[in-house]
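Data block below; observations after.
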Amino acid sequence: MTGIEIIPTCVPRDANDLARGADAMRGYSDEIHIDIDDGLFAPVVTWPYTEAGMWDAGGISVPAGMRSEVHLMVEDPRGIGIAFARAGARRIVAHIEAFGSAEEAHGALDAWRENGAEEAGLGMLMATSFEVIEPVVRACDVVHLMSIATIGTQGIPYEASAPARIAEFHARHPDMLLSVDGGVGESNIADLVRAGARRFGVGSAISKAADPAAAYAKLKVLAESALAS
């Protein structure tokens, strides 16, 4: 049985912001979830994008000594995903909605692995039908399900319908690793585990806590208790 992973999230404004975020996490986690927004697919621009749709190819890196998960909320994820894989990102996740076809998505997943990523997966927005991802599910190492209605910034309210949606997808694909992202916290993580999720990208519930390390530890306990029950 797959265990629980809690991965703290950083939404970096620039490379220094990423370094500071990683340093803050090192005391309690050796993993980091890095949100990348292009100003087109997502409504904000984050590093390494310099303006909407344009990214700095020479400035891509991942924090040393940490297992990095890169979440590409971008319209054209193949090339930047390859750049992050070559820079040492352990996992690359983009959105099925960003691809024109299942073949295009499958090709990107293959390209990320070929360039060094250990895992490659696809995300889905809350409003996206499962039928959109069905043709390429078997090519994924993980499916990343959003549990908020809109994306791009931390603190967007959690959608109460998320556990039912995750449970439905888990029933369709019981052997697929499911990751959940968006509004995850103490009040809902047990329900998400019971629905079938095993990996969580967690932002505000950790970063805005008075004691982030304690918040991380409590989420892990709550999730593992739900898994054992």
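Read-outs: derived from the displayed coordinates by stated rules, not from any lab. If you're wondering where the values come from, they're calculated on a predicted model, not measured in any experiment. All Cβ positions, even for glycine, are placed from backbone atoms using ideal geometry, and neighbour counts span all protein chains on display.
In this label model, Ala57 and Arg138 are separated by 3.5 nm, measuring between points 7 Å along each Cα→Cβ vector.
With each label modelled as a point 7 angstrom along the Cα→C-beta vector, the Glu186-Thr150 pair spans 2.9 nm.
Identify the residues of segment 154-182 with backbone N under 13 Å of a label point that sits 7 angstrom from the Cα of Arg194 along the Cα-to-Cβ direction, or state none. Zone members listed by number: 163-164, 167.
Modelled this way, with points 7 Å down the Cα-to-C-beta line, the labels at Glu131 and Ser204 are 3.4 nm from one another.
Overall dimensions of segment 5-228, expressed as equivalent-ellipsoid semi-axes from the Cα gyration tensor (√(5λ), whole Å, largest first), are 24, 22, 15.
Calculated mean residue ellipticity, 222 nm, the chain: -9500 deg cm²/dmol, from DSSP H runs (n ≥ 4) at -39500 (n - 2.57) each, averaged per residue and rounded to 500.
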